[in-house]
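Below is one structure; the comments refer to it alone.
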Amino acid sequence: MSLNTFGHLFRVTTWGESHGPAIGCTVDGCPPGVPLTEADIQPWLDKRKPGQNKFTTQRKEPDEVRILSGVFEGRTTGTAIQLMIENTDQRSKDYGDIAQAFRPGHADITYHQKYGHRDYRGGGRSSARETAARVAAGGVARAALAALMPGLQITGYMVQMGPRAIDRSRVDLATVEGNPFWCPDPVAAADWAVYLDELRLSHNSVGAVIEVIAQGVPPGLGAPLYGKLDSDLAAAMMSINAVKAVEIGDGMAAATLTGVDNADEIRMGANGPEFLSNHAGGILGGISTGQTVICRFAVKPTSSILTPRQTINQRGQEIDLITKGRHDPCVGIRAVPVGEAMMACVLLDHLLLDRGQTGGVRGVVG
């Protein structure tokens with residue numbers, strides 16, 4: 001049984017381990033004729049790559065992508081696109097002490113219990129290193145979306161670090177790339193820098209909440225009942241390593257509202273229906289409304305910390321364990337471009353599904 005693939009028509013299979021010679025993905029179902037080169041994909045990988053500042057792992061990986069197939073003379077051919085990213089800065093010796101031990105909070109124990117054999121070097125497939133392949137696939141999806149849905153804009157940013165959330169009244173998306181946290185609130189970003197530095201120096205880590213929005217999504221993407229756009233978005237985001245919760249629109253907060261408050265009222269505008277609010281996050285009945293699609297996910301604290309934690313080894317002996325190596329004090333920082341990539345892959349997949357089922361025909365309002 002192989003479960004390394006996601007998507008329906010736009011299908012992505014990732015491969016490789018954190019400390020293997022390379023990681024990568026096979027992208028199948030990309031429409032032909034899409035302009036695509038390594039230079040179209042690399043900026044998204046540069047956004048995710050490690051070692052860019054003191055708040056991320058100091059593993060130095062250039063994350064240079066190579067297109068091995070599926071592109072000829074700068075355009076996609078419609079056949080499978082193979083992408084490869086070499087690992088160049090592995091330090092497997094850092095993990096020698098834990099070869100027979102289970103790191104608390106990691107997938108070590110579950111991988112062992114399921115398979116009886118695991119790659120302990122950085123966690124193998126359970127490592128966040130795998131997400132570089134997703135970002136590369138997302139670069140392909142963005143190129144196709146630019147050709148098929150030119151008005152689309154996907155933006156991800158961090159809205160909370162540990163207990164410290166942004167002030168929504170200060171949000172300015174133009175400032176997202178101006179700080180190491182992809183934070184749209186400059187005041188919060190400055191506070192987080194001090195907070196995370198203290199945690200890092202005390203050998204601790206912290207979780208985060210990431211929000212990803214897609215502006216310019218047309219109405220009609222997604223299908224009832226088992227092909228809902230929001231269910232596929234939730235599955236895509238939840239599949240990211242370290243993600244523990246996903247929300248669409250108001251998410252869990254919708255449970256605190258009344259029906260009067262929650263209903264997104266509608267009026268007729270010059271160009272068609274207009275919603276007066278967006279509690280639903282741009283999706284009703286699993287189908288996009290034409291509003292901004294809003295997805296939010298929570299990333300747990302990095303489990304690899306230098307503070308001793310109680311655990312056991314494969315012989316069942318109780319031990320205290322310190323996880324050495326180079327790790328993110330807040331892995332949520334580098335999860336931002338990953339969330340963007342997954343949004344792009346899901347939207348392209350559903351655009352292709354819709355074209356196959358309806359041909360893009362829409363019901364007329366007004």
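The values are calculated or read from the model by the stated rules, or taken from the named source; none is laboratory data. Not measured: the values here are computed from a predicted model. Reconstructed Cβ throughout: ideal geometry from the backbone, glycine too, with neighbour counts over all protein chains shown. The area values use the complete protein model at the heavy-atom level, side chains included, leaving out ligands, DNA and RNA. Shrake-Rupley method; radii C 1.70, N 1.55, O 1.52, S 1.80 Å.
Summary table
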quantity	calculated
For the chain: relative contact order, % (alpha-carbon pairs under 8 angstrom, 6 or more apart)	22 percent
Environment charge of N53, counting only residues whose C-beta is closer than 12 Å and scoring Lys/Arg +1, Asp/Glu -1	+2
The range 173-318, Cα convex hull volume normalised per residue, Å³	178 Å³
Charge sum, other residues only, whose C-beta stays under 13 Å from L353's C-beta, Lys/Arg counted +1 and Asp/Glu -1	0
Between the range 317-341 and the range 295-313, the Cα center-to-center distance that results, in Å	7 Å
Dipole of the range 10-66 [Lys/Arg +1, Asp/Glu -1 at C-beta], most positive-end residue of F55, G29, V65	F55
For the range 118-249, diffusion coefficient by Stokes-Einstein and Kirkwood Rh (Cα), 4 °C, 1.567 mPa s, µm²/s	75 µm²/s
Ellipsoid semi-axes in whole angstrom, largest first, where each is sqrt(5λ) of the Cα gyration tensor of the range 24-166	32, 20, 15
Surface share of carbon and sulfur [accessible, 1.4 angstrom probe, percent] for the range 249-313	57 percent
Lysine-lysine proximity count for the range 1-148, Cα under 29 Å, sequence distance 8 or more or distinct chains	7
Whole-angstrom gap from the range 9-86 to the range 348-365, using each part's C-alpha centre	28 Å
Length added when fully stretched, E274-L148, from 0.36 nm per residue minus Cα-Cα	43.0 nm
Centroid-to-centroid separation of the range 117-165 and the range 202-249 [C-alpha atoms, Å]	11 Å
Equivalent ellipsoid dimensions for the range 82-180 as semi-axes, Å, which come from the Cα gyration tensor, largest first	35, 22, 13
Simple Cβ-charge dipole of the chain, Lys/Arg +1 and Asp/Glu -1, about Cα centre, in debye nearest 20	840 debye
Listed residues G259, G281, G78, most fluctuating in the chain (Gaussian network, C-alpha, under 10 Å)	G259
Loop-resident sites, the range 1-63, for trypsin sites (Lys or Arg not before Pro), counting at most 16 other Cβ within 10 Å (DSSP)	K54, K60
Accessible area per residue, Å², the chain with all protein chains present, probe 1.4 Å	47 Å²
